[in-house]
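The values are calculated or read from the model by the stated rules, or taken from the named source; none is laboratory data. These numbers come from a predicted model, not from an experiment. Backbone-built Cβ (ideal geometry, glycine too); neighbour counts: all protein chains shown.
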Amino acid sequence: MPDITPETTVIAEKPQIQAKKSPKGELTQEYVSELRRENQERRNESAVLAKSLEETSKKLQETEANTKKALEEVQMLNKQAEQKMVRADVKVFASKHGLRDLDDVKLADLSGVKVDANGDVTGVEEALLALKTKKPYLFEEVTTSRTAYAPDPAAPSKFNPEKVKGMSAEEYRAYEADWLASLDG
């Protein structure tokens, strides 16, 4: 079967067959046979076009179904991504505000939390502040400064791999034992 495309489906206009009449004014057998042949050609072309239309219609339906399925999958993935973004923001704000146990986030009313078109999560801080107001015992005091400790100068030095490169196995075990003993110190 020839490949049917929109460019090839145009049916060429065929010249009209001139009626040939016998001397008595009747149509000739040759003319009737020519009409029948032309009619059969038109039916064949019509069948080919009908089959092509049916195949194209099936392909269109498959494409629409695949598109719908892909769209649903994308929407599901977007929703999962938004949920992950919300959970991440909740964890950040929970630790920022001193929530003792992240499981207590379940007590917060997160119905006002939204993800906007830019992917920004809003409403998390408000929800956690409301929880902190209602149940302050779930939170601990948050301090933003930390005390930096200077290293102890009396602490043993780090293990030196360069020092052990040329040692025998026995010398290495002795060096290791001395080094470990200095850590317990």
Would you confirm, using the coordinates I've provided, whether Leu60 is under 30 Å from Gly119 (Cβ atoms), among the aliphatic types (A, V, I, L, M) and either assigned by TED's automatic domain parsing to the domain that holds Asp116 or surrounded by 10 or more Cβ atoms within 10 Å (Cβ to Cβ) (or both)? no
The range 119-143, subset at pLDDT 85 or above and within 23 Å of Gln75 (Cα to Cα), residue surrounded by the fewest Cβ atoms within 10 Å (Cβ to Cβ): Asp120
Taking the range 109-121 and keeping residues under 14 Å from Ala88 (Cβ atoms) and not charged (D, E, K, R) leaves Leu110, Val113, Val115, Gly119, Val121
Can you give me the number of residues within the range 95-124 that are touching a strand residue (DSSP E or B) at 6+ places or on another chain (Cβ under 8 Å) and at positive phi? 2
Just one of (1) of a type outside the set (Lys, Arg); (2) in contact (Cβ under 8 Å) with a residue 24 or more places away in the chain; (3) within 17 Å of Phe139 (Cα to Cα) trips up Val113, so point out which. (3)
